[in-house]
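Beneath this line is the structure, given in structure tokens, with notes to follow.
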Amino acid sequence: MRLRQVKEPFDNPDYIFELKHDGFRVVVYLQDGKCKLVSCNQRNLGFPDLKKALASLSVQSAIFDGEIGCLDARGVSQFNQLLNRKGQPVLYAFDLLWHDGQDLRQLPLIERKDRLARLVQRARCERLLFAQHVEQESSMSCVI
């Protein structure tokens, strides 16, 4: 869903809510120790250090939906650092579409995010972060 401004807060149990990170939206393709970053305009993106870190994950294959960003010391996205290639980019992963030969797109989003959270935790990769979410404003529960 594209970001848009609304007059009233939106709350619906059929949706989850994620922070908007200020960066480049990408689909990450991991296959046999190689990483490809593809923008929403179907452009292959560089970021060799990030690609190397992601390629080292212990998966045979995976496809993530995420956002590449650079963070300051407080963890706040710094778009100019990313744009000018002055910071160390990280990937905020918010969906796991494919994992080791299994197409996950038919699973509920919340289940894919649970699998993604476990994968990110096991990976212990400083450049891969799990994009947390809120399931409903009234409950304010987050997956860690």
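What follows is calculated from the coordinates using simple rules that are stated; it is not laboratory data. Just so we're clear, the structure is a prediction, and the values are computed from it rather than from any experiment. Neighbour counts run over all protein chains shown; Cβ positions are idealised from the backbone, glycine included.
Between the beta carbons of residue 32 and residue 86, assuming R0 = 41 Å, the FRET efficiency works out to 0.85 to the nearest 0.05. Contact order for segment 17-134, expressed relative to its length and based on alpha carbon pairs under 8 Å spaced 6+ residues apart, stands at 27 percent. Using a ≥ b ≥ c from the Cα gyration tensor of segment 33-112 (square roots of the eigenvalues), is it rounded, prolate or oblate, where a/c under 1.5 gives rounded and otherwise the larger of a/b and b/c decides, a/b for prolate? Judged from the Cα gyration tensor, segment 33-112 comes out prolate (a/c at least 1.5, a/b above b/c). Per-residue packing, averaged as other Cβ atoms within 10 Å, sorts the ranges 98-104, 88-94, 25-31 into the order 88-94, 25-31, 98-104, beginning with the highest. The length gained on full extension between residue 39 and residue 55, counted as 0.36 nm times the residue separation minus their Cα-Cα distance, comes to 4.0 nm.
Arrange 49, 32 by Cβ neighbour counts within 10 Å, fewest through most, would you? Could you put the intermediate results ahead of the total?
On the way: 49 11, 32 8.
In increasing order of surrounding Cβ atoms, one gets 32, 49.
Distance between the pseudo-spin-label points of residue 122 and residue 15 (7 Å out from Cα toward the beta carbon): 3.3 nm.
Total lysine pairs in segment 17-134 at Cα distances under 19 Å, for residues eight or more apart or on different chains: 7.
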